[in-house]
Amino acid sequence: MTGSLTAKIAAAWPPEHWRDVAVLLAVSGGADSVALLLAVAALSQEAGTPTSGGRLAVAHFNHRLRGEESDADQRFVEELSSRLGIPCEAEQAERSATSASEQSARAARYDFLCRMARRLGARYVVTAHTADDQAETILHRIVRGTGLAGLAGIPAARPLVEGIALVRPMLGVSRDEVRAYLANLGQPHREDASNLSSRYTRNRLRNDLLPRLAEYNPAVAEALVRLGRLAGEAQTVLEAAAAELLDRAIVSHSAQAVEFDRRVFRGQSRYVVREAFVRLWQRQGWPLQAYGWAEWEELAELALRPPGETLHRTFPGEVRAVADGGRLTLERR
């Protein structure tokens, strides 16, 4: 089992990609991140002394949400890192963070990881999200309402900031595998009692909804992960089609305005047209937070509607749309 987990990580994130660069491991002290730390340390040593260019570092963010328990988590991570000969960077949240929401706590943690990665010159920041986290994320998005892109779940890698990638090499590893791995090594870890609290949506999904769904399908977590993988593959194909459509439809563009030939959209799938506008917003750097299905559908309707009366719409982020004859113009004030 020990070899199985390290082999899965090595397959998902081949060591030859990271042995010669600085890598920052996000370690909370929980089972998943402790397994990540031990496995990556083992992989970096398996061929002998690591290459001189590569180096590992641990990052631990103490949210101070559980008083002395949070401080004990920090000491545990620092001591484990020291035993492995890996430097540890730790930071404590301000005391006001004790009332932090899930979102604000996550934002504070990622801000810390970005700052540490920049300071250390790290090329990668690595987190210990597992297959179970993936299943919970996909289920959460289904319950909340999502499109195909949201069904794809947590990406295995994405840009964090310029020059630094966020990598999640344990998305193919279950929590059962993690615990078996640690038990085989005799390695303790920290337990976060707040994971049992029903205060957080994620905990209710993990501790209540998923077990109920497992009564209908004992392999529900695996089914959700498989759904995410298939959705991701389909989304890749659709994004390519949307990009091609976008390039053909644009007549002119600048940082503030884009003009389309509406004739190019005729006969196209509404889904692909909606995805083309999502991609446009990303290209232009226009704000996406206030956009949902309704806004993308209205944009698609403007693009696909036959020429007739001139139509004016204003979208979130002060983006004004004018459909006039065979042209559609989007301009951000």
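The values are calculated or read from the model by the stated rules, or taken from the named source; none is laboratory data. None of these values were measured; they are calculated from a predicted model. Because the Cβ atoms are built from the backbone with ideal geometry, glycine has one as well, and the counts that use them run over all protein chains shown.
In the set Asp208, Asp247, only one residue is surrounded by fewer than 18 Cβ atoms within 10 Å (Cβ to Cβ), more than 30 Å from Asp133 (Cβ to Cβ) and free of Cβ contacts under 8 Å to residues at least 24 places away in the same chain; that residue is Asp247.
Is it the case that Glu295 is in a helix (DSSP H, G or I), exposed (fewer than 14 other Cβ atoms within 10 Å of the Cβ) and on the phi < 0 side of the Ramachandran plot?
Numbers: in a helix (DSSP H, G or I): yes; exposed (fewer than 14 other Cβ atoms within 10 Å of the Cβ): no; on the phi < 0 side of the Ramachandran plot: yes.
So Glu295 fails the test.
Within region 276-284, can one find any residue that is among the β-branched types (Val, Ile, Thr), touching a residue at least 24 places away in the same chain (Cβ under 8 Å) and outside the structural domain of Ala135 (by TED's automatic domain parsing)? Checking region 276-284: at least one residue is among the β-branched types (Val, Ile, Thr), touching a residue at least 24 places away in the same chain (Cβ under 8 Å) and outside the structural domain of Ala135 (by TED's automatic domain parsing).
Of the candidates Gly308, Gly317, the single residue that is touching a residue at least 24 places away in the same chain (Cβ under 8 Å), outside any helix (DSSP H, G or I) and not basic (Lys, Arg) is Gly317. Residues that are more than 21 Å from Arg190 (Cβ to Cβ) and in contact with a Lys or Arg (Cβ under 8 Å, 6 or more places away or on another chain) within region 132-151 comprise His140, Gly150, Leu151, listed in sequence order.
Out of the residues in region 198-215 that are at pLDDT 90 or above and either among the aliphatic types (A, V, I, L, M) or part of a loop (DSSP other than H, G, I, E, B) (or both), which is farthest from Arg141 (Cα to Cα)? If you could, list the steps in order and put the result at the bottom.
Of all residues in region 198-215, those at pLDDT 90 or above come to 204-215.
Next cut, either among the aliphatic types (A, V, I, L, M) or part of a loop (DSSP other than H, G, I, E, B) (or both) only: 205, 209-210, 213-215.
On the way: Leu205: 11, Leu209: 13, Leu210: 13, Leu213: 16, Ala214: 18, Glu215: 21 Å.
If we take residues in region 198-215 being at pLDDT 90 or above and either among the aliphatic types (A, V, I, L, M) or part of a loop (DSSP other than H, G, I, E, B) (or both), then Glu215 is farthest from Arg141 (Cα to Cα).
Screening Ala97, Ala59, Ala47, Ala39 for residues that are surrounded by fewer than 20 Cβ atoms within 10 Å (Cβ to Cβ) and either assigned to a helix (DSSP H, G or I) or at pLDDT 90 or above (or both) leaves exactly one candidate, Ala97.
Among the conditions (1) among the basic types (Lys, Arg); (2) outside the structural domain of Asp111 (by TED's automatic domain parsing); (3) closer than 21 Å to Arg283 by Cα, the only one that Arg226 does not satisfy is (3). Of the listed requirements (1) surrounded by fewer than 16 Cβ atoms within 10 Å (Cβ to Cβ); (2) at pLDDT 90 or above, Asp32 misses just one: (1).
With respect to (1) small (Gly, Ala, Ser); (2) surrounded by 17 or more Cβ atoms within 10 Å (Cβ to Cβ); (3) within 22 Å of Ile9 (Cα to Cα), the lone exception for Gly147 is condition (3).
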